Amino acid sequence: MSIRGEIKKIALIANTNKAKAVNVMEQVCNYLDDKGKDYILEEASAGLLERRVKSQVYERLVDFADIVIVFGGDGTFLKAARTFAASDVPILGINLGQLGFLTDIEVEMLEDGLDKLLAGKYQIEERMILEGRVIRSKQLVSRLIAINDLVLTKGPFSRIIKLETFIDGEYITTYPGDGLIIACPTGSTAYSLSAGGPIVNPKMKSLIITPICPHTLNSRSIVTTEDEEIVVKVDADHSEVMLTVDGQESFPILSDDIIKINKSNLVAKMIKLEGYNFYKILRNRLHNNRF
């Protein structure tokens, strides 16, 4: 494990809808006070505490901190990773959710995890990020980044959509069905896995194409290299198709829209403490039937 320079200031962000958030944040603030560490809270998170603390708006936290600690599940982590992707500030997650593939510290090991953090016993993993561009009538109408996946779905209608798919300009197939997931390795254990896609080590650089409920017996996931571009042309007879980012943000898609997906030039910087092992976490999740 790499030994890092001293952490001087820490930003704290909580999922304010999590019942555990107040108690765990209090524990972390007390710990940092005891260690003489400076910290700043996101405004809504600060509002949960009865004590007076320094706070700042979400988007500006990285201007005041060396690292960000998030309290929540993978969803809370994903939002922070997208928001701060253009910065050099790494993120550490304290798991208050269910799966916690991205978060690194379980509540019952809170102090041990923080000890490792302040002792510099961690690595910073740079995870691949996806970039999606929506082209409508030959014009760029939206540019999106995703840590886990970009998902095309048919919306609430029961009618299928057809997704004409190309890899590096080569036509592959047209997927008729409920939609299509384009994931990076970090997202291989999310929606893509639920739809039958492969589990890919997040240190790898690749893109994963997984159809959602395909209306054909020969549709399978495809894994591409990191440098290949995936292009999807949408054919739908209704206007409820959506492109969803990490399951959190959506953009409406029209028939004949073209979605181009590549590896982004940005990377997500994630703190992984001493003892972290992807396969250990995978084994625990599989054995606990927590997918």
Kindly evaluate VAL151 against the criterion of being modelled with pLDDT of 95 or more, open to solvent by less than 30 Å² (accessible area, probe 1.4 Å) and over 23 Å from VAL223 (Cβ atoms). no
Could you tell me which numbered condition LYS18 fails, if it satisfies all but one of (1) open to solvent by less than 40 Å² (accessible area, probe 1.4 Å); (2) within 30 Å of TYR191 (Cβ to Cβ); (3) not in a strand (DSSP E or B)? (1)
When the range 137-148 is checked residue by residue, the ones that are touching a Ser or Thr at 6+ places or on another chain (Cβ under 7 Å) and open to solvent by less than 20 Å² (accessible area, probe 1.4 Å) are ILE147, ASN148
Any idea how many residues of the range 146-156 are on the phi < 0 side of the Ramachandran plot and either more than 10 Å from the chain's Cα centre (by Cα) or among the hydroxyl-bearing types (Ser, Thr, Tyr) (or both)? 6
Screening SER192, SER206 for residues that are of a type in the set (Ser, Thr, Tyr) and surrounded by fewer than 21 Cβ atoms within 10 Å (Cβ to Cβ) leaves only SER206
Out of ILE124, ILE172, which single residue is surrounded by fewer than 20 Cβ atoms within 10 Å (Cβ to Cβ), free of Cβ contacts under 8 Å to residues at least 60 places away in the same chain and among the β-branched types (Val, Ile, Thr)? ILE172
Hydrophobic (A, V, I, L, M, F, W, C) and touching a Ser or Thr at 6+ places or on another chain (Cβ under 9 Å) - does that describe any residue in the range 260-267? no
Taking ILE161 and the conditions (1) over 16 Å from ILE259 (Cβ atoms); (2) buried (at least 23 other Cβ atoms within 10 Å of the Cβ); (3) of a type outside the set (Ser, Thr, Tyr), which numbered condition does it fall short on, given that it satisfies the others? (1)
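The values are calculated or read from the model by the stated rules, or taken from the named source; none is laboratory data. These numbers were taken from a predicted model, which means no experiment stands behind them. Neighbour counts run over all protein chains shown; Cβ positions are idealised from the backbone, glycine included. Accessible surface is based on the protein model in full, side chains and every heavy atom, while ligands, DNA and RNA are left aside. Shrake-Rupley method; radii C 1.70, N 1.55, O 1.52, S 1.80 Å.
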